[in-house]
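Report on one structure; see the data block that follows.
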Amino acid sequence: GYPVEGRTRISFLRENDADPIPSAAEVEQVRAKIHDQLVPAHTLIEDVEVLAPERYNLHVKFRSITPDTPGMRTSITNNLIEFLAVKAAWGGVLYIEDVRCAIREAYDGDTGQGLDRYELDTPTLDIGLPVDAFPVLSSVSWSI
């Protein structure tokens, strides 16, 4: 099993930040706080690990979107960021159907239009994430 029996492993994310993966300095701050204040006297400090999840860079590439407006592109990007922050789980499966649902909900507030149709180049299949990985939207590209 993982972690090793008798050990505790704590991973965390930052909420409401552009990048949810904590830096090494932030991990060290949390580690120090936990070790100083929360680790019981009968627990060895080495038995409590604190770390950031591994970053899984998600790249999304569109072949086309309709309507293709700046507001629609922004809405799609924001929907994907929100989906990952709220609904994605680390170390599991990132289902393509969930990604597609996040895209499909896009709405251009400037024009008042919803997304009529789109063609997605990548990803096209479910993505199995490594055990400690959390998906972060790294890029959205438009081959239009």
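The values are calculated or read from the model by the stated rules, or taken from the named source; none is laboratory data. In this text, all values refer to a predicted model and were calculated from it rather than measured experimentally. When we count neighbours, we look across all protein chains shown, and the Cβ atoms used for this are built from the backbone with ideal geometry, even at glycine. Note: areas computed on protein heavy atoms with side chains; ligands, DNA, RNA excluded. Shrake-Rupley method; radii C 1.70, N 1.55, O 1.52, S 1.80 Å.
Could you list all residues from the stretch 107-142 that are among the hydrophobic types (A, V, I, L, M, F, W, C) and open to solvent by 40 Å² or more (accessible area, probe 1.4 Å)?
L125, V131, W142
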Quick one: count up the residues across the stretch 82-106 that are open to solvent by 80 Å² or more (accessible area, probe 1.4 Å), modelled with pLDDT of 95 or more and part of a helix (DSSP H, G or I).
2
Has the stretch 102-110 got at least one residue that is in contact (Cβ under 8 Å) with a residue 40 or more places away in the chain and out of contact with any helix residue (DSSP H, G or I) (no Cβ under 9 Å at 6 or more places or on another chain)?
no
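Quick check on the stretch 2-23. Is at least one of its residues surrounded by 15 or more Cβ atoms within 10 Å (Cβ to Cβ), closer than 20 Å to V140 by Cα, under 17 Å from the mean Cα position of the chain (by Cα) and polar (S, T, N, Q)? Write out each step before concluding.
As a first pass, look at the stretch 2-23 and keep what is surrounded by 15 or more Cβ atoms within 10 Å (Cβ to Cβ): 11-13, 20-22.
If we keep only those that are closer than 20 Å to V140 by Cα as well, we get 20-21.
Still in the list and also under 17 Å from the mean Cα position of the chain (by Cα): 20-21.
Subset that is polar (S, T, N, Q): none.
No, every residue in the stretch 2-23 fails to be surrounded by 15 or more Cβ atoms within 10 Å (Cβ to Cβ), closer than 20 Å to V140 by Cα, under 17 Å from the mean Cα position of the chain (by Cα) and polar (S, T, N, Q).
Scan the stretch 44-60 for residues that are farther than 21 Å from A133 by Cα and either in a helix (DSSP H, G or I) or in contact with a strand residue (DSSP E or B) (Cβ under 8 Å, 6 or more places away or on another chain) (or both) and jot them down.
Filtering the stretch 44-60 down to residues farther than 21 Å from A133 by Cα leaves 44-47.
Hits for the stretch 44-60 are I45, E46, D47.
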Residue within the stretch 52-61 that is touching a helix residue (DSSP H, G or I) at 6+ places or on another chain (Cβ under 9 Å) and touching a residue at least 60 places away in the same chain (Cβ under 8 Å) present
yes
For residues that are free of Cβ contacts under 8 Å to residues at least 24 places away in the same chain, under 26 Å from V86 (Cβ atoms) and β-branched (V, I, T), tally how many sit in the stretch 12-48.
1
One residue is enough: does the stretch 64-78 have a residue meeting the conditions closer than 26 Å to F12 by Cα, without any contact (Cβ under 8 Å) to a residue 12 or more places away in the chain, open to solvent by 40 Å² or more (accessible area, probe 1.4 Å) and out of contact with any Phe, Trp or Tyr (no Cβ under 9 Å at 6 or more places or on another chain)?
yes
